[in-house]
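As structure tokens, the structure follows; a few thoughts come after it.
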Amino acid sequence: MSTTRTPRTPRPSARSNHEAAHRLALLESMLRVRRFEERCVELYSAARIRGFMHLYIGEEAVAVGVNEALTPDDAVVSTYREHGHALARGVPAEAVMAEMFGKVTGCSRGRGGSMHLFDAGRRFYGGNAIVGGGLPLAAGLALADRMTSRNRITCCFFGDGAFAEGEFHETANLAALWRLPLLLVCENNLYAMGTALARHQAQTDLALRAAAYGMVSWAVDGMDVSAVEDAARRAAEGVRAGNGPHFLEMRTYRFRAHSMYDSDRYRDKAEIEHWKERDPVEGLARQLREAKELTDKALTALESRLAAEIDDAVEAAERAPEEPVEDLLKYVTSPVEAIRP
């Protein structure tokens, strides 16, 4: 005679240990992004990295928290400020650093650089140098999944500046009309390049505006990784359930200038320092210390491990070859055999 056993409810101690481990993993992910970019600043200042570079420092909670709600089958479409998105998605630091150096071992074979990270194997469909340029691409990916009945979603990151672009409104309208499995994540860092949000949007409540398209929309504290993860999970579940596109306005802030070329004269220094008091990385580390879930020794060990990881990535990038000149026309057009009759 067979018997059916009722699954045991996890003991409080086991549950709390699991939650503590998860919070530590979130801290590690955010620290990886922060330390990676800080090293990139050093390399850029030494002219070892060239071209444009837009830093994500201050916004790490958004990339890390949102990616926690996604599965490997989901797709991610990013912006030109995408180092954090790529690393949080699981693109190896070595592949990202090699791309920064323009080496053939980079995730885009050295052809994209900082603004065009891409990893099809991880369904990370790249940064995009055009403001709002990723939105219609994301809608296309979501439409393909809907038409083929694939149970996965597409997450598209974009900034508040993209809200003023036609691509956002066209995408939002069609996504709601066709009930596409699309998660729209607006990283509202209050500035479109050097223009404050209130100077280019009459209504600064972006979640409220997005709701006008019939999408489920709400604003989130983008400086709190747990709040971001909770909101992203709720939104992702709603999208997967067939309730159409969802919109999250992540209210966050970038601590650095728009790009490495930006003199950052449009922001008051006191404003920057005010937001730094809400640093998502330092905030989580402080919470973990207060909860006795993180010791100074453990944090030092984590920092050392991440430093070694980034050191290895830099060394690998420096050793990696550049693409041969004779290969530069490869991948520009599709091979004949790939073209449908």
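Apply 1/(1 + (r/R0)^6) to the Cβ-Cβ distance of residue 208 and residue 289, taking R0 = 56 Å, and write down the FRET efficiency to the nearest 0.05. Approximately 0.90, to the nearest 0.05.
Hey, which lysines would be in cross-link range of residue 103, C-alpha to C-alpha under 27 Å, not counting anything within fewer than 8 residues on its own chain? The qualifying lysines are 330. When only the Cβ of Lys, Arg, Asp and Glu is charged (+1, +1, -1, -1), the dipole of the chain relative to its Cα centre reaches about 920 debye. On full extension, the segment bounded by residue 38 and residue 301 gains 92.8 nm, given 0.36 nm per residue less the C-alpha separation. The listed residues 116, 274 rank as 274, 116 when sorted by accessible area, largest first, using a 1.4 Å probe. Reported value for the chain: 199 Å³ per residue, from the convex hull of its C-alpha atoms. Taking chymotrypsin sites (Phe, Trp or Tyr not before Pro) as candidate sites, keep only those in a DSSP loop with at most 13 other Cβ atoms within 10 Å, then name the longest stretch of the chain containing none of them. Between exposed loop sites, the widest span is 53-260.
Dividing the alpha-carbon Rg of segment 71-168 by 2.2 N^0.38 Å yields what?
1.07
Counting other Cβ atoms within 10 Å, which trypsin sites (Lys or Arg not before Pro) in segment 268-334 have at most 15 and lie in a DSSP loop?
292, 330
How about segment 58-89: which GluC sites (Glu not before Pro) there are in a DSSP loop, with at most 15 other Cβ atoms within 10 Å of their Cβ? In loop regions of segment 58-89 (DSSP not H, G, I, E or B), there are no sparsely surrounded GluC sites (Glu not before Pro). Computed about its Cα centre, the charge dipole of segment 190-341 is approximately 760 debye, with only Lys, Arg, Asp and Glu carrying charge at their Cβ. As a calculated quantity, the FRET efficiency between residue 330 and residue 270 at R0 = 51 Å, using C-beta atoms, amounts to about 0.50.
The values are calculated or read from the model by the stated rules, or taken from the named source; none is laboratory data. From a predicted model like this one, the values you see are computed outputs, not experimental measurements. In this analysis, Cβ positions are derived from the backbone assuming ideal geometry, glycine residues included, and neighbour counts consider all displayed protein chains. Side chains are part of the model used for accessible areas, which takes the heavy atoms of the whole protein and leaves out ligands, DNA and RNA. Shrake-Rupley method; radii C 1.70, N 1.55, O 1.52, S 1.80 Å.
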